[in-house]
Amino acid sequence: MKKLAFIKRSNGSHWVGDGFPVQNIFSYNDIAEKISPFLMMDHAGPTVFPPTQEKLGVGQHPHRGFETVTIVYQGGVSHRDSSGGGGTIGPGDVQWMTAASGLIHEEFHSEDFAQQGGPFEMIQLWVNLPAKDKMSKPGYQGITSDKITDVLLANDAGTARIIAGAFENVKGAAHTFTPMNVWDLRLNAGKTLSLDLPKGHTTALYVLSGTLKIDTQIIKKAEMAVMEREGTALAAEIMEDAVVLLLSGEPLNEPIAGHGPFVMNTRAEITQAIQDYNNGMFGQIVATS
Ligand code: MN
């Protein structure tokens, strides 16, 4: 049985651009080794936005060395990048962007959502790439909810949407570079969540809403239970109906050197990334109608 290692609480709130009021749940500056292969996670909202004609969000900025995964719970997000990727995603959809060797992108509220207004909630997760893949070609996977299989959990505990990885013989929709599971769990109060996860994986349960209890510890909204890597069976009591993001992944065990939107293995590679970006090597976003 996996034991609870620790509870990770928010590092505080800030705005990403003018569209995303986020709580930073973890980053490579605080629990890098313990949470590998994951690097960073922001939880935006839930926040109600009034209708607007303005374009709210964050304009052109670069990334290199990892992937950004955006999971929309409420509202809509539009994205464009310099590798030609782009799209609009809504509730239940996921955007899995591989920055790898480098790209420039922009992230805004979708036009439809901006015009209507309403509650907005999303997760942005950064997934590290192994050193050998950091300079591979950028990519973009727009994963709409119809491509994400919803499975029933044992003990009437609820459902799991398999975004990445595998649940028994159900495969996740996303292609990943290293073994990992990213599951969107909807859990029923009074039941017990009981999962079997790969041996040696980093494993964490982030509570977006509701309450869990693991090893006598209460895990509340905006808190993340990080489990020990030993063992494969995970159990949690569901105290209140809950929305939980399960993250599990094989740790990379490689050095991390990060500077803002660049995450590499050495300081020299960071210097190179800044130089390459300044020299225009990350390309340009081509305007589309
Ligand atoms: Mn970004």
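Read the figures in this text as sums done on the coordinates, not as results from a lab. As the structure is a computational prediction, the values presented were derived from the model and not from experiment. Glycine gets a Cβ as well: all are built from the backbone with ideal geometry, and neighbour counts include every protein chain shown.
Restricting attention to the range 106-121, which residues are among the hydrophobic types (A, V, I, L, M, F, W, C) and outside any helix (DSSP H, G or I)? Explain how you work it out, then say what you get.
Here is the first cut: in the range 106-121, the residues among the hydrophobic types (A, V, I, L, M, F, W, C) are 108, 113-114, 120.
Within the range 106-121, PHE108, PHE120 meet the criteria.
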Quick one: is ILE7 away from the ligand (no atom under 16 Å from the Cβ) and in contact with an Asp or Glu (Cβ under 7 Å, 6 or more places away or on another chain)? yes
Restricting attention to the range 266-283, and to residues there that are under 15 Å from ILE104 (Cβ atoms) and not polar (S, T, N, Q), which single residue is surrounded by the most Cβ atoms within 10 Å (Cβ to Cβ)? ALA273
Residue by residue through the range 22-34, note down the ones that are more than 16 Å from the ligand (Cβ to nearest atom) and either charged (D, E, K, R) or touching a His at 6+ places or on another chain (Cβ under 8 Å) (or both). GLN23, ILE25, ASP30, GLU33, LYS34
Tally of residues being within 15 Å of the ligand (Cβ to nearest atom), farther than 24 Å from PRO255 by Cβ and touching a residue at least 60 places away in the same chain (Cβ under 8 Å) across the range 65-78: 1
Looking at the range 1-16 only, could you name the residues that are closer than 25 Å to ASP81 by Cβ and either touching a His at 6+ places or on another chain (Cβ under 6 Å) or surrounded by 15 or more Cβ atoms within 10 Å (Cβ to Cβ) (or both)? VAL16
Could you tell me whether any residue of the range 89-105 is under 18 Å from LEU125 (Cβ atoms), within 11 Å of the ligand (Cβ to nearest atom) and in a loop (DSSP other than H, G, I, E, B)? yes
So how many residues does the range 35-60 have that are within 13 Å of the ligand (Cβ to nearest atom), surrounded by fewer than 15 Cβ atoms within 10 Å (Cβ to Cβ) and in contact (Cβ under 8 Å) with a residue 60 or more places away in the chain? 1
